[in-house]
Amino acid sequence: MICRPALTRGSQLALRRQGAAKLAQRGFAAVASPKASYEPTSIAGVKVASRDDNGPTTRLAIVAKAGTRYEPLPGLTVGLEEYAFKNTERRSALRIVREAELLGGQLSAYHTREALILQANFLREDLPYFTELLAEVISKTRYTTHEFHEEVEDIIRAKQAKVAAPAIALDAAHSVAFHTGLGAPLYPTPSTPIASYLNESSVAAFAEAVYSKSTIAVIADGASEAGLSKWIEPFFKDVPAESPSPLKVTPTKYFGGEQRIPRIGPNSMVLAFPGASLSANQPETAVLVGLLGGQSTIKWSPGFSLLSNATATAPGAQAQATNYAYSDAGLLAIQINGQAAAVRKAAEAAVKALKGVAEGGVSQENLVKAIAKAKFNLLSGSEVSGVGIVHAGANLVHGNQPMQVTEAVKALESVTADKLKAAAKTLLDGKASVAAVGDLHVLPFAEEIGLKV
Amino acid sequence: MPAPSLVSAVVKRPWLTKLLTPLAGWYANAAGYRQMGLRADDLIVEENETVLKALHRLSPKESYDRIYRIRRATQLSLQHKLLPKSEWTKPEEDVPYLTPIIEQLHAEDKERKELDTVVVLKKH
């Protein structure tokens with residue numbers, strides 16, 4: 001006779017096994033994952049890219065081709081940025097702020113070298129209000145004289161005072177690398193003469209040139225496509241299709257060189273090389289950035305990255321590699337900040353590490369780690385809303401498609417050690433752009449650390 | 001607070017405006033400031049925050065001209081003299097240049113007060 005508990009136990013076990021098998025079949029990706037890439041469309045002549053993860057909040061941004069690269073006179077981009085959300089023909093700046101607060105929204109304006117971004121983050125159901133607001137800001141701002149003197153000027157001055165050594169070094173590296181256009185400083189320093197160029201009428205003229213349907217893109221993260229197509233059409237009616245006085249754009253050329261700026265306080269060095277542009281298919285640059293790395297991403301260890309190992313020998317300095325990608329050029333920059341002596345040591349070690357890659361290649365283990373890091377940088381960058389919006393917008397206003405994340409990840413996986421070695425070799429054979437800011441008695445010349453300029 | 005005024009009530013009624021315009025012209029001439037080269041807006045009392053702010057918002061040229069007119073008038077007052085007739089302020093020159101800015105500032109203040117005491121009714 002078979003006892004009952006034994007019977008039931010067997011059936012229980014069998015059931016459990018079945019369930020486990022099913023689980024194994026289902027795998028990890030069964031949950032519907034949100035779309036990683038922005039879908040480009042065109043609504044009433046406006047370039048729109050949207051991505052909807054059905055979340056409770058929305059990020060809506062207007063990305064205009066109005067970064068420092070395109071400003072005809074120095075300082076206009078920052079002027080236009082500070083004029084965002086000021087008095088319009090329909091309502092005052094105060095009302096805009098109070099209404100946005102009542103709806104729990106966040107308004108911000110910021111710029112990169114190529115784009116000026118007006119962004120609103122808000123609750124999903126307030127899409128019509130903020131779509132109207134952003135369209136009103138770009139088409140109906142009044143650019144009044146008293147706001148310029150009472151608010152805009154003061155804020156620009158306060159922000160200028162905050163421009164620190166790392167930003168100055170990066171601007172200097174861009175300036176020697178690209179001269180005009182992309183070489184314009186991201187934020188003018190207090191010693192940059194902008195007062196004679198920057199006034200409310202020059203800003204208004206710049207706004208007229210850059211706020212047209214052909215030079216802006218609307219990027220929506222978390223808004224339904226139905227809502228966008230319903231509200232963008234009526235509210236963007238007053239935005240001109242073509243600007244009456246379009247800006248001249250000259251293609252970027254890489255020059256290279258060296259610039260040294262004496263400065264009291266923190267020290268900074270930038271060693272920059274031609275990098276990958278937004279549209280370029282150069283996965284090895286991204287992997288090289290992952291390999292160079294900088295800040296350790298794990299606890300209690302400098303990690304595998306070449307720069308963090310280089311700075312481990314020079315305490316007091318931090319190094320970081322970044323590829324600054326623009327529409328028709330890129331700049332792979334190694335930035336080193338800290339005390340002068342440590343910066344010198346770290347710069348020497350960084351170039352040595354890069355030479356090591358160019359001559360001896362990279363171990364298989366480090367390659368795998370670098371590819372994984374590059375993949376993480378790419379995916380988390382496209383997920384974190386700010387970076388994703390800027391990237392998608394910059395691509396769209398320059399007539400490219402938004403980055404296709406899955407394809408980009410596949411390209412990263414195809415990078416081999418030989419490709420990486422060749423990429424490092426091209427960097428070192430070409431002309432570098434080197435900027436040193438701080439105690440020039442200690443900071444080395446490019447020649448001394450073994451770079452060609 | 002702006003001083004109470006009947007201007008808007010008069011302007012709303014065209015027949016009253018027509019009736020009072022010559023009278024207003026006579027009064028402005030009789031007030032005597034035009035004979036000293038001033039404009040009506042030069043007489044606005046400037047010892048208060050709103051007017052001071054409005055004066056800041058004048059263009060450099062307007063501000064300079066205003067100071068010039070006031071200094072000239074002060075000098076005339078000290079000397080007990082009037083300007084020669086050719087230099088009197090003409091009625092078409094006597095335009096409000098400061099009042100619009102003061103009105104704009106009053107509107108800003110009013111809007112701020114209203115927004116500070118706003119009652120939010122949620123309809124959804």
*Is there a residue in the stretch A:106-121 that is more than 30 Å from A:GLY330 (Cα to Cα) and either in contact (Cβ under 8 Å) with a residue 40 or more places away in the chain or surrounded by fewer than 19 Cβ atoms within 10 Å (Cβ to Cβ) (or both)?*
yes
*Specify the residue that is surrounded by the most Cβ atoms within 10 Å (Cβ to Cβ); the eligible residues are those in the stretch B:10-67 that are farther than 18 Å from B:PRO96 by Cα and acidic (Asp, Glu).*
B:GLU49
*Restricting attention to the stretch A:65-86, does a residue exist that is at pLDDT 95 or above, in a strand (DSSP E or B) and under 22 Å from A:LYS140 (Cα atoms)?*
no
*Where a residue in the stretch A:250-271 is within 29 Å of A:ALA341 (Cα to Cα) and its partner, wherever it lies, is basic (Lys, Arg) and assigned to a loop (DSSP other than H, G, I, E, B), with Cβ under 7 Å and at least six apart*: A:GLY256/A:LYS431
*Which numbered condition B:VAL118 fails, given (1) in a loop (DSSP other than H, G, I, E, B); (2) in contact (Cβ under 8 Å) with a residue 12 or more places away in the chain; (3) within 11 Å of chain A (Cβ to nearest Cβ)*: (2)
*Mind checking which residues of the stretch A:91-140 are in a loop (DSSP other than H, G, I, E, B) and more than 20 Å from A:ALA66 (Cβ to Cβ)?*
A:ARG91, A:SER92, A:LEU103, A:GLY104, A:GLY105
*Does the stretch B:57-72 contain any residue that is over 23 Å from B:SER5 (Cβ atoms), away from chain A (no Cβ under 13 Å) and among the aliphatic types (A, V, I, L, M)?*
yes
*Hey, can you tell me all the residues within the stretch A:141-162 that are within 14 Å of chain B (Cβ to nearest Cβ), outside any helix (DSSP H, G or I) and more than 22 Å from A:LYS213 (Cβ to Cβ)?*
A:THR144
*Any chance the stretch A:390-404 includes a residue that's within 30 Å of A:ARG344 (Cβ to Cβ), of a type in the set (Gly, Ala, Ser) and surrounded by 18 or more Cβ atoms within 10 Å (Cβ to Cβ)?*
no
_B:THR89 vs. criteria within 12 Å of chain A (Cβ to nearest Cβ), over 13 Å from the mean Cα position of the chain (by Cα), among the hydroxyl-bearing types (Ser, Thr, Tyr) and under 29 Å from B:GLU49 (Cβ atoms)_ = no
*Exactly one of (1) among the polar types (S, T, N, Q); (2) more than 23 Å from the chain's Cα centre (by Cα); (3) in a loop (DSSP other than H, G, I, E, B) is unmet by A:GLN259. Its number?*
(3)
_Can you tell me how many residues within the stretch A:333-356 are in a helix (DSSP H, G or I) and crowded, with 24+ Cβ neighbours inside 10 Å?_
5
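The values are calculated or read from the model by the stated rules, or taken from the named source; none is laboratory data. Predicted model only: the values in this text are computed from it and were never measured. Virtual Cβ from ideal backbone geometry, glycine too; neighbours counted across all protein chains shown.
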